[in-house]
Amino acid sequence: MIISFEGIEGVGKSTQINLLKNWFENQNLKTTIVREPGSTIASEKIRDILLSNEISLSNETELLLMFAARAQLINEKITSSEFDIILFDRYFDASIAYQGYGRGLSVDFINQLIQFTNCPSPSMTFLLDLDVEKGFKRKSNDLKDRIESSGLDFFNKVRQGYLSIASSQPHRVKIIDADQPESKIHDQIISKIKTIT
């Protein structure tokens, strides 16, 4: 089973993914975490290019590199996985939100790339939603990578993109208010997971 986590910067995805991994493992389910872009040797090298502040990329190049990394990840680690549960730290919804809504590229074309790269659909996706300025305040001490440096207007578009995805697919995408204590968010995630396990 695939479960993905989505959201803008600073929403607490990594914290919640690790809490959920521990919960699944306590249920004796073999669980792994993958991140996008990344999680294979080739995909991590692509990640370095995508996030480097020293490289200028066109929006189209950014999109295609994201899918190159994703295709490799799916081929190496997803299609024939031995794990019961695969937790994605961002997945194809991120391309729709970031490159589609954020960069203004064709969402129809992005959906074609999702099909072309044989992306299996998650059983459930958690959208951790938070005001953009609050998200960046949480990461104020971190160095910003190339994408994180895209500005508040860009990230407001990304957030709206995520909310649009969630409103069109409420059966799969569950919105969680990320402006809550970590334990409360985790409890809400578990309650939703129990509806599909």
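The values are calculated or read from the model by the stated rules, or taken from the named source; none is laboratory data. All values derive from a computational prediction rather than experimental measurement. Note that we place each Cβ from the backbone using ideal geometry, even for glycine, and neighbour counts take in every protein chain shown. For accessibility, only protein heavy atoms count, side chains too; no ligands or nucleic acids. Shrake-Rupley method; radii C 1.70, N 1.55, O 1.52, S 1.80 Å.
Does S80 satisfy the condition of being modelled with pLDDT under 95, of a type in the set (S, T, Y) and surrounded by fewer than 17 Cβ atoms within 10 Å (Cβ to Cβ)? Yes. Somewhere in segment 61-76, is a residue in a loop (DSSP other than H, G, I, E, B), over 18 Å from the mean Cα position of the chain (by Cα) and more than 19 Å from V107 (Cα to Cα)? Within segment 61-76 (the criterion being in a loop (DSSP other than H, G, I, E, B), over 18 Å from the mean Cα position of the chain (by Cα) and more than 19 Å from V107 (Cα to Cα)), the answer is no, since none of the residues qualifies. Apart from one condition, Q16 fits all of (1) surrounded by fewer than 21 Cβ atoms within 10 Å (Cβ to Cβ); (2) modelled with pLDDT of 95 or more; (3) more than 15 Å from E148 (Cα to Cα); the exception is (1).
Going by what's in this entry, would I196 be described as open to solvent by 10 Å² or more (accessible area, probe 1.4 Å), farther than 24 Å from E62 by Cα and of a type in the set (A, V, I, L, M, F, W, C)?
yes
From S14, S43, S95, grab the single residue that is under 12 Å from the mean Cα position of the chain (by Cα), among the small types (G, A, S), part of a helix (DSSP H, G or I) and farther than 23 Å from S168 by Cβ.
Checking each option against the conditions leaves just S14.
Just one residue in the set V11, V34 is touching a residue at least 40 places away in the same chain (Cβ under 8 Å), under 12 Å from F88 (Cβ atoms) and open to solvent by less than 50 Å² (accessible area, probe 1.4 Å); that residue is V34.
For segment 48-63, a residue qualifies if it is touching a helix residue (DSSP H, G or I) at 6+ places or on another chain (Cβ under 8 Å) and open to solvent by 90 Å² or more (accessible area, probe 1.4 Å), and exactly one does: N53.
When S4 is tested against (1) surrounded by fewer than 16 Cβ atoms within 10 Å (Cβ to Cβ); (2) under 16 Å from C119 (Cβ atoms); (3) of a type in the set (S, T, N, Q), just one condition goes unmet, and that condition is (1). In summary, helices (runs of 4 or more DSSP H) completely within segment 102-171 and bearing 1 or more residues that are open to solvent by 60 Å² or more (accessible area, probe 1.4 Å) and closer than 23 Å to N18 by Cβ occur at 132-138.
Identify, please: which residue in segment 129-151 is at pLDDT below 90 and in contact with a helix residue (DSSP H, G or I) (Cβ under 6 Å, 6 or more places away or on another chain) and is, among those, farthest from S58 (Cα to Cα)? Per the criteria, the residue is D145.
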